[in-house]
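A.B. asks: Dumping the structure here so I can ask a few things about it.
The values are calculated or read from the model by the stated rules, or taken from the named source; none is laboratory data. Quick caveat: nothing in here was measured; it's all calculated off a predicted structure. Please note: Cβ atoms are built from the backbone with ideal geometry, for glycine as well, and neighbour counts cover all protein chains shown. When the accessible area is computed, the model is the full protein with side chains, heavy atoms only, and any ligands, DNA or RNA have been set aside. Shrake-Rupley method; radii C 1.70, N 1.55, O 1.52, S 1.80 Å.
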Amino acid sequence: MGNPASQLEAIQRAALFTSSAPKGTIWDASPIEQFMQACEEWAQVLRRQVQVEKADAPLCNRSGPSTALTAMGKEQEALKVVFQQHPRRNIIGVPVLELMHYLALYHPQAKEEESASPKGLRKAINMSERLYWHAAFTSLAKLGAWAIIRSATQNKSMMNFSGKTDRSPIGWRPLFDIACDNGAASQNPDGTFGNPDARAAALHFAAKMEDRVEALRLCITQCLWDGAVLAIVDLKDARRLATLRKRFEGPQAFTPDRERALMLIDEAAADPKIEWSAGAGGESNSSKSVFGSKRLAGLGSAFKKGLFG
């Protein structure tokens, strides 16, 4: 990524040049000020990267003296384990969003005033809540911390909402995608989830999606038949249920979870409490789920508490 000292020197020269531009030149003041601000912000990010890299790189050096490990605190020992499970790379010069993913994955508990704090980086560069939480949730998913992710969406003070309905600052579809993407490494050869926690998380997020037709399509794509049947029940669409059942009929429709899928479909079809309609292909795509309304409220400007720090 280049020598950070050389990069900082180049940034400082650029900032000095623009700051010395005479007033009233052909350059407008506004673009010059924006450029100077960009230089200052990138210099701050680069200094942060240098400090984090200086602290993290030795932990990954397996050829280093073994006596160094005995002097580590528990946090450093735990961090070394994470590095072994999720190999890191040099972060000097990486984009800001990639740096945020790095900090959220390896340093989620760092205090805000520390260079490795994802919360501190978010504050320093004024990152949007959506980007911040997407990086946080993605990193937590890599660590398999599904319970923490679900707890975060249920935390009223953290997500700045009132009422009983959960909130996701990035939307439920992105959370579903995160669960599927990070469960892929542990999927079975037949395409079904091998990680029960990732599977449960994906089903939970699909159940929260307001667009029940989209939830149905996504669950079918991921072979999440529990979620597919739930979406059809929400839609009360008998034709969709019959179409789903046909996927499992015939000798060539075998899947390891075929019997369970048929059981779920038949139980739903026979449930007298469900008022089935013939269906016309999705006019009721925003039907209320049995889990409750999926309509999201405003999230507010800033979180009172952060997931990290």
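A.B. asks: Skipping prolines and chain starts, which residues have an amide H placed within reach, meaning under 5 Å, of the one on Ser277, given they are 5 or more residues away or on another chain?
C.D. replies: Asp237, Ala238
A.B. asks: For Arg212, Arg239, Arg48, Arg199, what's the largest-to-smallest order of accessible area, 1.4 Å probe?
C.D. replies: Arg239, Arg199, Arg48, Arg212
A.B. asks: Under 5 Å between amide H atoms, partner at least 5 residues away or on a different chain: which partners does Leu224 have, H built in plane at 1.01 Å?
C.D. replies: none
A.B. asks: What is the extension gain from Trp276 to Ser151, computed as 0.36 nm multiplied by their sequence separation minus the C-alpha to C-alpha distance, in nm to one decimal?
C.D. replies: So the extension gain works out to 41.6 nm.
A.B. asks: With r as the distance between the Cβ atoms of Asp197 and Glu77 and R0 = 22 Å, compute the FRET efficiency 1/(1 + (r/R0)^6) and round to 0.05. Let's see the in-between values first.
C.D. replies: Details: r = 24 Å, r/R0 = 1.11.
After rounding to 0.05, the efficiency reads 0.35.
A.B. asks: Suppose R0 equals 22 Å; then what is the FRET efficiency for Leu8 and Cys60 from their Cβ-Cβ distance, rounded to the nearest 0.05?
C.D. replies: Details: r = 24 Å, r/R0 = 1.09.
Efficiency, rounded to the nearest 0.05: 0.35.
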